[in-house]
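Asker: Got a structure here, written out as C-alpha cells. Questions coming.
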Amino acid sequence: MSQDPNCIFCKIIAGQIPSRKVYEDDEILAFHDIHPWAPVHFLMVPKLHIPSMAQLTPAHEQLMGRIMLLAPRLALEQGCRPYPEGGFRIVANTGAEGGQEVHHLHVHVMGGPRPWAKG
C-alpha cells in the first residue's frame with residue numbers, strides 16, 4: 001500500500017507511533033482521537049495514503065463503502081447508544097478551508113452520552 005513517510009497517520013498505521021486501536025483489518029485502521037470532542041471519538045483511516053476526500057476516485061468506492069458501513073458498528077461497540085435515541089456524527093474535513101489538519105483521509109466518528117443531550 002502507498003505510504004507517505006512524513007505522514008503521522010502513515011506512521012501510526014506502520015506502528016511507528018502508538019495508538020489506542022479500535023479496529024484494524026488489511027485496509028482500515030480505527031483508533032481513538034488523542035484530543036476527543038465527545039465521550040466517543042475515534043478516527044477511521046484507510047491504510048492507503050489518500051491525502052483527502054478530494055483525491056478519491058472510483059477505485060476507492062469499495063474502501064469508502066466499507067468505512068461507512070463499519071462506522072455504525074464501531075460507534076455502538078465504543079459506547080454510542082443505538083438510533084434513534086442515541087446516535088453519532090461522522091465528519092471528514094477536507095483541505096485547509098475545510099479544517100483538515102492531517103493530510104491523510106480520515107473520518108471522525110463522535111458520539112456517546114452527554115449530560116446536556118435529551119434522551
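The numbers here are math on the coordinates, done by the rules we state, and not lab data. Remember, it's a predicted structure, so these values are computed and weren't measured experimentally. For neighbour counting, all protein chains shown are included, and Cβ atoms are generated from backbone atoms with ideal geometry for every residue, glycine included.
Asker: Can you run down the residue pairs with Cβ atoms below 6 Å, 6 or more apart or on separate chains, where the first is in region 87-105 and touching a residue at least 60 places away in the same chain (Cβ under 8 Å) and the partner is of a type in the set (Phe, Trp, Tyr)?
Answerer: Sorted first by the residue in region 87-105, then by its partner, the pairs are Val102/Phe9; His104/Phe9.
Asker: Report the residue count in region 83-101 for those that are surrounded by 11 or more Cβ atoms within 10 Å (Cβ to Cβ) and part of a loop (DSSP other than H, G, I, E, B).
Answerer: 8
Asker: Now for a different question. Take His104 and tell me if it is surrounded by 16 or more Cβ atoms within 10 Å (Cβ to Cβ), under 13 Å from the mean Cα position of the chain (by Cα), assigned to a strand (DSSP E or B) and not aromatic (Phe, Trp, Tyr).
Answerer: Answer is no for this residue.
Asker: Of the residues Ala71, Ala75, which is in contact with a strand residue (DSSP E or B) (Cβ under 8 Å, 6 or more places away or on another chain), assigned to a helix (DSSP H, G or I) and more than 19 Å from Asp26 (Cα to Cα)?
Answerer: Just a single option satisfies the conditions, and that option is Ala75.
Asker: Okay, next question. Among the residues of region 32-40, are any aromatic (Phe, Trp, Tyr), in contact with a Leu (Cβ under 8 Å, 6 or more places away or on another chain) and within 24 Å of Pro113 (Cβ to Cβ)?
Answerer: No, the conditions are met nowhere in region 32-40.
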